[in-house]
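Submitted below is the structure of interest, expressed as structure tokens.
The values are calculated or read from the model by the stated rules, or taken from the named source; none is laboratory data. These numbers come from a predicted model, not from an experiment. Virtual Cβ from ideal backbone geometry, glycine too; neighbours counted across all protein chains shown. With ligands, DNA and RNA removed, areas are computed over all heavy atoms of the protein, side chains included. Shrake-Rupley method; radii C 1.70, N 1.55, O 1.52, S 1.80 Å.
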Amino acid sequence: MLASNPNLTKCPFFPTRYVPISRSFHITCCVSQLQSAAEVVNGRVPERNEIRLGLPSKGRMAADTLDLLKDCQLSVKHVNPRQYVAQIPQLSDLEVWFQRPKDIVRKLLSGDLDLGIAGFDTVSEYGQGNEDLIIVHDALDYGDCHLSLAIPKYGIFENINSMKDLAQMPQWTEEKPLRVATGFTYLGPKFMKENGLNHVSFSTADGALEAAPAMGIADAILDLVSSGITLKENNLKEIEGGVVLRSQAVLVASKRSLIQRKSALDTTHEILERLEAHLRAEGQFTVTANMRGSSAEEVAERVLSQPSLSGLQGPTISPVFCKRDGQISSDYYAIVICVPKKALYKSVQQLRAIGGSGVLVSPLTYIFDEETPRWRELLSALGL
Ligand SMILES: Nc1ncnc2c1ncn2[C@@H]1O[C@H](COP(=O)(O)OP(=O)(O)OP(=O)(O)O)[C@@H](O)[C@H]1O
Ligand SMILES: O=P(O)(O)OC[C@H]1O[C@H](OP(=O)(O)OP(=O)(O)O)[C@H](O)[C@@H]1O
Ligand SMILES: [Mg+2]
């Protein structure tokens, strides 16, 4: 139980929240959040002309975020790693601010940033379900991990393999709760409660949580997992139903900013279109092949008879003209299709099976659709 944990105390500013006693910086942060929040609570966002995008200043998300933007032709001009403000020359009214991922979320809530990129886990933990946060793109395709509960493989946990088993263990009582070490002090308690574990206490640390059970500090940990190596090396295991959430990098915005700053919405549209165009193209190849045929329609029929050759909107088929005995004829047709990378070899086999030859495969850089579904979803979530 939260209240019985000596390491946590009621936050003086948000009485429904508990904060680690040692983390007075968190309380300071609550104060500054309150001050900024006061500015926006009555519906107005702070006055400024530039749109602010928060990007991770360091840690495992930082380099991949810059790489993604570069791939979208949105390179960040950042001369010095210790300088926390930067520009994206392609987006003239946008300022980039480098911040720790958790501060990106806090500053979106306080109105000091309009847009940000962070892990979904961080958005969920520090956003605490605040309705002002809106996920603009939920799958930026890096930073994959999941937040999961893990317990020792040994001792009293040897035969415990699910959350249900864990909840039914007779050991956990009001006086002797299940001790969980986690940095996720909002999601952790919420998850345990939702899973019927009522006798739980939490402790927190900034890293190397996997050591806590062996050190006798905790019975279980709730932390991020990607390869699973850290758990394995520390004799811990995940259990059925123990995944709190799955995470990857996301583009997140403040609803208020998007509604009240017209240019924030326009800039978000452009960033979203570029992200979608790049991410859609990344999974595809362009495949070109020649095929003998009597007409474009007849070739199309053959191509469309194969399950992996329909492309994005059906194949493009154009006649290949050659001069024979002074006569121009088109016995061959060139077909162009987009093929998912995973289905490349299958597609080549199917092309050959219907008489395709000279198959050329090239990378695809961008796919701009007429309108991205995510843009429509965003507008409807904003009530626009
Ligand atoms: N194996 C992993 N462990 C932790 N984070 C991961 C992992 N794989 C992907 N991530 C993502 O990277 C983010 C962690 O980035 P970073 O290392 O900058 O944060 P941090 O160490 O939690 O931050 P801070 O140092 O400010 O406490 C996570 O929030 C998550 O979205
Ligand atoms: O499943 P894996 O691939 O082994 O990754 C999981 C580990 O990585 C992270 O720690 P990090 O490397 O950030 O070190 P820290 O615990 O000191 O923060 C996370 O907190 C886990 O400990
Ligand atoms: Mg870390």
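Hey, what's the chain come to in accessible area per residue, 1.4 Å probe, Å²?
52 Å²
Principal axes first, then extents: for the Cα atoms of region 251-297, list largest minus smallest coordinate on each axis, whole Å, largest first.
Largest first, region 251-297 extends 59, 20, 12 Å along its Cα principal axes.
I've got another one for you. Sorted by mean Cβ packing within 10 Å, highest first, what order do the peptides 229-235, 64-70, 75-81 take? Can you show the working numbers first?
Values: 229-235: 14.1, 64-70: 17.6, 75-81: 11.6.
The most tightly packed comes first, giving 64-70, 229-235, 75-81.
Would you check the accessible area of TYR186, probe 1.4 Å, heavy atoms only, in square angstrom rounded to 10?
The accessible area comes out at roughly 60 Å².
Now, a different point. Obtain the nm distance between the two label points defined at CYS322 and LEU379 by a simple spin-label model: each point lies 7 Å from its Cα along the Cα-to-C-beta direction.
With each label point 7 Å from Cα toward Cβ, the separation is 4.9 nm.
Any idea which of PHE98, GLN83, MET169 is furthest toward the positive side of the dipole for region 75-232, if Lys and Arg beta-carbons carry +1 and Asp and Glu beta-carbons -1?
Positive-most Cα among the choices belongs to MET169.
Over all alpha-carbon pairs in region 115-197, figure out the percentage whose distance exceeds 18 Å. Before the final figure, lay out each step's value.
Values: 1871 of 3403 pairs.
Every Cα pair in region 115-197 considered, those over 18 Å come to 55 percent.
Still on this model: Report relative contact order for region 193-283 in percent, whole number only (criteria: Cα-Cα under 8 Å, sequence separation at least 6).
Values: 23 pairs, mean separation 12.0, N = 91.
Dividing the mean separation by the residue count of region 193-283 yields 13 percent.
For a quick check, take a GNM of the chain with Cα springs below 10 Å and name the residue from GLY326, GLY127, GLY242 with the largest mean-square fluctuation.
Top of the fluctuation ranking is GLY326.
Once every DSSP H run of n ≥ 4 in the chain is given -39500 (n - 2.57) and the sum is divided by its residues, what mean residue ellipticity at 222 nm do you get, rounded to the nearest 500 deg cm²/dmol? Write out the running numbers ahead of the final one.
On the way: 13 runs with 123 residues, N = 384.
Calculated at 222 nm, the ellipticity per residue is -9000 deg cm²/dmol.
OK, next. Is there a pair in LYS58/LYS237; LYS77/LYS262; LYS77/LYS255; LYS58/LYS107 whose C-alpha atoms are over 20 Å apart, and which pairs would that be? Don't skip to the answer; put the middle values down first.
Values: LYS58/LYS237 29 Å; LYS77/LYS262 24 Å; LYS77/LYS255 27 Å; LYS58/LYS107 17 Å.
In this structure, LYS58/LYS237; LYS77/LYS262; LYS77/LYS255 exceed 20 Å between Cα atoms.
Determine the shape class of the chain: with a ≥ b ≥ c the square roots of the Cα gyration tensor eigenvalues, call it rounded for a/c under 1.5, and otherwise prolate if a/b is greater than b/c, oblate otherwise. Present the calculation step by step, with values, prior to reporting the outcome.
Numbers: a/c = 2.99, a/b = 1.67, b/c = 1.79.
Since a/c reaches 1.5 but b/c is at least a/b, the shape of the chain is classed as oblate.
Please report the relative contact order for the chain, taking Cα pairs under 8 Å with a sequence separation of at least 6, and give it as a percent rounded to a whole number. Numbers along the way, then the final one.
On the way: 696 pairs, mean separation 63.8, N = 384.
Taking the mean separation of contacting Cα pairs over the length of the chain, I get 17 percent.
Another one. Take every DSSP beta bridge whose two residues both sit in the chain, then give the antiparallel share in percent to the nearest 5. Before the final figure, lay out each step's value.
Working: 51 of 67 bridges.
Antiparallel bridges: around 75 percent, rounded to the nearest 5.
A follow-up question, please. With the chain treated as a Gaussian network of Cα nodes joined by springs under 10 Å, which of ASP141, ASP121, ASP331 yields the largest mean-square fluctuation?
ASP331
Contour minus end-to-end for LYS341 and GLU238, with contour as 0.36 nm per residue of separation and end-to-end as the Cα-Cα distance?
Values: separation 103, 0.36 × 103 = 37.08 nm, distance 3.22 nm.
Taking LYS341 through GLU238 to full extension adds about 33.9 nm, to one decimal.
Where nothing but the Cβ of Lys and Arg (+1) and of Asp and Glu (-1) is charged, how large is the charge dipole of the chain around its Cα centre, in debye to the nearest 20?
Values: 40 positive and 44 negative charges, 90 e Å.
In debye, rounded to 20, the chain gives about 440.
With every protein chain present, what accessible area does TRP97 have (1.4 Å probe, heavy atoms only), rounded to the nearest 10 Å²?
Using a 1.4 Å probe on the heavy atoms, I get roughly 80 Å².
At a 1.4 Å probe, what is the % contribution of carbon and sulfur to the accessible area of the chain? Kindly include the intermediate steps, with their values, before the conclusion.
Numbers: 10090 of 19920 Å².
Its accessible area is 51 percent carbon and sulfur atoms.
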